[in-house]
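A.B. asks: Below is one structure. I have some questions about it.
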Amino acid sequence: MNDVTDTPQIGPSDLIEPLRRAIGERYLSYALSTIMDRALPDARDGLKPVHRRILYAMRELRLTSTGGFRKSAKISGDVMGNYHPHGDVAIYEAMARLAQDFNVRYPLVDGQGNFGNIDGDNPAASRYTEARLTAAAEALMEGLAENVVDFRPNYDGTLEEPVVMPAAFPNLLANGSTGIAVGMATNIPPHNLDELVSACLHLIKTPNARDETLIDHIPGPDFPTGGVIVEPRENILAAYRTGRGSFRLRAKWQIEDLGRGQWQIVVTEIPYQVQKSKLIEKIAEIIQLKKIPILADVRDESADDIRLVLEPRSRTVDPEMLMGMLYRNCDLETRFSLNMNVLIDGRTPKVCSLKEVLRAFLDHRREVLIRRSRHRMDKIDHRLEVLEGFIIAFLNLDRVIDIIRYDEDPKAALMREDWGRAQVRATSEKDYVSPAPGDGELSEVQAEAILNMRLRSLRKLEEIELTRERDALMAERAVLEDLLENEHVQWDHIAGQLKEVRTQFGKKTPLGARRSQFAEAGTVEEVPLEAMIEREPITVVCSKMGWIRAMKGHSDPKTDLKFKDGDEGRFLIHAETTDKLLLLGSNGRFYTLPASQLPGGRGMGEPVRLMVDLPNEAGIVDLFIHRPGTRLLVASNAGDGFIVPSDDVLAQTRTGKQVLNVRDATVALVCRPVTGDHVACVGENRKVLVFALDELPEMTRGKGVRLQKYKDGGLSDATTLVLADGLTWKDPAGRTRTEPDLTEWLGKRASAGRMAPRGFPQSNRFT
């Protein structure tokens, strides 16, 4: 008999929790990696890891701002191989952006070759371009070799890279930053360095400074491409206080007089991050579609600078009105969003205010100053120890020479020898005692230095120089001790460093002068289409197949017009260029066609389906001129309808506006202007019903209500009339017939009606 051991069965439900935990842990690791190591900048130096590694690798290659250039392929290769194990294409793109003066306010890379342009052209391949650091990049890395920041191992542990740069200026705000992480993003505009330094100096003097005071020093962003900031001051203040907001930025333009009353508009600066080529394409499209009829042409006359020429349709055009229309229709006005989401101390993402970002930078500069001072003190202490040994050697030169010549282990002998009590050296403020291990003894460092001393140094003048150097170092050490012990002295020193930066990159330099100006936005009223279009009579012709054209003047309806083979005329409307045409499709959607944008009368015109998104399976129910303030009767072939204000059927886009809801085999059939007090409808069964107009609801969209009851078939036609005038129609011979007494056909809405009057047309239509 076999023993059967019961083993627990593991079902799918037992695996759900471990899988959920594993996925959660891995996604969290990915999210943290994206936030900290890729997308968000550090508040202290304003750099992302890839930018920091590019600058550090270029420093290691000794590509100084006054030195030679190196191939970009070499730089990106070193960055990828030593510090950033990602694609060299991505590294090169990041480096190229640091060299683009239209993207970066204070470029950190000096590029030689094609590094792209404001038109949106990409940089040349890395093998064709060269680069080196700029003075601004060197300022970010000043003191890096003096233990001012922490270093960490690179990705494979063979080298070390800085965790953060010393950053002599607030690069986060000076150059801005953009990034998208997991669940968060950042978008910081560039600012003027001179104004940032001024705000930092004020914050040093007044640590509890209010945001209103800081905005006096930093009135707003300073974009590399200039432009005019038209955001109100209170909105800018709110954005800087909360770390979230936006700035309206417009192009800078001027009127150029051409003589004889002619003029043109010249755009000299375009908004930040707008590609000039795409901007011109958009303006050209506006001209082609006649969205702004008062604009005649656009030309690009740019060379190294921006020069876009806008020609008005006539010299009577108001320039402000023209630019106001362009602001609304293209990127001559943009809105730059502010989302100051940064890493505090390189670890914690936080949406910071302007004051918090400046405070993070200043605290970092204080930490850099303290570490740099301590590093310098360590160097001074080491040098003083060596100098003390040199002085002892000079005071006992014969004995030192004797030990070196005859002793088998001169280093140990020098350290064992009793040279007498070490002297106490005094400065004006503090006393310094030689760091020798004991009175009268030489340390290992001192003995090694004496043994390595050159014979040419054994002269009387050298002893004097050593004494002078020692005194100078002791004085410097006393100053450093005062700095490390006194916080006020530290802030004074930081203020001095910031003033030096302002001297190098401030407003008095070509790079530091403010580029973006401030102005009031003003109010540009909505200009009606009629005000921009020259009013001219036209005749709109639309065929049965949907080909539409506009001929100049009002043509006689009996004029013989040409159409494509198999096509014929359907609509002939006398209109004006300022009119808007309404087209109702059998799908129940209304489409708006500006008369000024219709194709000319030469030829057969164009298909109306190219101008609006009318589906191929949908036909044209009616085409007529929009008359503001009127009402329309709309109905489907199923006999449902309602009244709709004509102003509510105007569509703003080519996709139209759904008004009459239809489905399956039901289609829109009737669209008539409301001109009376009663509604007359006739069905396919030739029964006519007349009922009061107020029985129909007024709606903006819907299926409607039942007009007439049918046992079989549906609605043929419907119209409105004045009951006292009777019902009018045309017989087959074209004569007008009238039925003055409609008592027999009067009834309630949705009733069946009675047979049509004698002589009613076989087409079952009122017109």
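Read-outs: derived from the displayed coordinates by stated rules, not from any lab. Values in this document were obtained by computation on a predicted structure and should not be read as measured data. Counting neighbours? That spans all protein chains shown, and the Cβs are built from the backbone with ideal geometry, glycine included.
A.B. asks: Shape verdict for the range 47-166, please, from the Cα gyration tensor: rounded (a/c under 1.5), prolate (a/b greater than b/c) or oblate.
C.D. replies: Prolate.
A.B. asks: Using alpha-carbon pairs under 8 Å, 6+ residues apart, how would you state the relative contact order of the chain in percent?
C.D. replies: Over the chain, the number comes to 8 percent.
A.B. asks: Quote the relative contact order of the range 627-767 in percent (integer), defining contacts as alpha-carbon pairs under 8 Å separated by 6+ residues.
C.D. replies: 27
A.B. asks: From the backbone phi of the range 210-220, what are the Karplus-calculated ³J(HN,Hα) couplings (6.51 cos²θ - 1.76 cosθ + 1.60, θ = phi - 60°) in whole Hz, Gly and Pro given as x?
C.D. replies: 7, 4, 4, 6, 5, 6, 5, 8, 10, x, x
A.B. asks: Subtract the Cα-Cα distance of Ser751 and Glu576 from 0.36 nm times their separation in residues, and report this length gain in nm to one decimal.
C.D. replies: Stretched fully, the Ser751-Glu576 segment lengthens by 58.8 nm.
A.B. asks: Taking 0.36 nm per residue of separation and subtracting the Cα-Cα distance, what length does fully extending Leu484 through Asn114 add?
C.D. replies: Taking 0.36 nm per residue and subtracting the Cα distance, the gain is 128.4 nm.
A.B. asks: Still on this structure: Which of the lysines could be linked to Lys411 by a straight reach, that is with a Cα gap under 25 Å, when you skip same-chain ones fewer than 8 residues away?
C.D. replies: Lys379, Lys460
A.B. asks: Return the distance in nm (one decimal) between the two label points of a simple spin-label model at Val309 and Asp712, each offset 7 Å from Cα along Cα→Cβ.
C.D. replies: Between Val309 and Asp712, the simple spin-label model gives 7.4 nm.
A.B. asks: Round to the nearest 0.05 the FRET efficiency obtained for Val163 and Asp471 when R0 = 41 Å and r is the Cβ-Cβ distance.
C.D. replies: 0.60
A.B. asks: For Leu669, list long-range residues whose amide hydrogen, built 1.01 Å from N in the peptide plane, is under 5 Å from its own amide hydrogen.
C.D. replies: Amide H neighbours of Leu669: Ala635, Ser636, Asn637.
A.B. asks: Still on this structure, please answer the following. Give the calculated FRET efficiency between Asp150 and Ser337 to the nearest 0.05, with a Förster radius of 22 Å applied to their Cβ-Cβ distance.
C.D. replies: It comes out at approximately 0.10.
A.B. asks: Another one. Assign one of three labels to the range 533-615, namely rounded, prolate or oblate, based on the Cα gyration tensor with a ≥ b ≥ c the square roots of its eigenvalues; rounded applies when a/c is under 1.5, prolate when it is not and a/b is larger than b/c, and oblate otherwise.
C.D. replies: Oblate shape, in that a/c is at least 1.5 and b/c is the bigger or equal ratio.
A.B. asks: Next up: Past 30 Å, Cα to Cα, is the threshold; run Lys205/Lys507; Lys291/Lys507; Lys290/Lys703; Lys276/Lys507; Lys562/Lys730; Lys580/Lys687 against it and keep the listed order.
C.D. replies: Violating the 30 Å Cα-Cα cut-off are Lys291/Lys507; Lys290/Lys703; Lys580/Lys687.
A.B. asks: What's the extension gain from Thr66 to Arg514 if we count 0.36 nm per residue and subtract their Cα-Cα distance?
C.D. replies: That works out to 158.7 nm of additional length.
A.B. asks: Which of rounded, prolate or oblate describes the chain when judged by the alpha-carbon gyration tensor and an a/c cut-off of 1.5?
C.D. replies: prolate
A.B. asks: Would you mind putting 401-410, 87-96 in packing order, based on average other-beta-carbon counts within 10 Å, highest first?
C.D. replies: Descending packing order for the listed peptides: 87-96, 401-410.
A.B. asks: By the scheme Lys and Arg +1, Asp and Glu -1, what is the net charge of all other residues having a beta-carbon under 9 Å from that of Gly346?
C.D. replies: Surrounding charge for Gly346 is 0.
A.B. asks: Okay, next question. Between 0 and 90 degrees, rounded to the nearest ten: what's the tilt of helix 72-82 against the longest Cα principal axis of the chain?
C.D. replies: That helix lies at roughly 70 degrees to the long axis.
A.B. asks: With the crude spin-label approximation of a point 7 Å out along Cα→Cβ, what separation in nm comes out for Asn396 versus Trp263?
C.D. replies: 9.3
A.B. asks: For a label point 7 angstrom out from the Cα of Thr242 toward its Cβ, which stretches of the range 190-219 have the backbone nitrogen within less than 17 Å?
C.D. replies: 211-212
A.B. asks: Now a separate question. Read phi for every residue in the range 278-287 and hand back ³J(HN,Hα) as whole Hz from Karplus 6.51 cos²θ - 1.76 cosθ + 1.60, θ = phi - 60°, with x for Gly and Pro.
C.D. replies: 5, 5, 5, 4, 5, 5, 4, 5, 4, 5
A.B. asks: What ranking do 308-314, 390-396 get when scored by the average of other Cβ atoms within 10 Å per residue, highest first?
C.D. replies: 390-396, 308-314
A.B. asks: Using modelled backbone amide H atoms (1.01 Å from N, in-plane), which distant-in-sequence or interchain residues come within less than 5 Å of Ser246's amide H?
C.D. replies: Leu338
A.B. asks: Per-residue counts of other Cβ atoms within 10 Å, averaged by peptide: what ranking do you get for 478-485, 569-576, highest first?
C.D. replies: 569-576, 478-485
A.B. asks: Right, next: Cα axis of helix 460-485 to longest principal axis of the chain: angle in degrees, 0 to 90, nearest 10?
C.D. replies: Taking Cα atoms only, the helix is inclined about 40 degrees.
A.B. asks: Using R₀ = 35 Å, calculate the FRET efficiency as 1/(1 + (r/R₀)^6) where r is the Cβ-Cβ separation of Arg459 and Lys499; round to 0.05.
C.D. replies: Between Arg459 and Lys499 the formula returns 0.20.
A.B. asks: Can you give me the angle between helix 397-406 and the longest principal axis of the chain, using Cα atoms only, in degrees from 0 to 90, rounded to the nearest 10?
C.D. replies: 90
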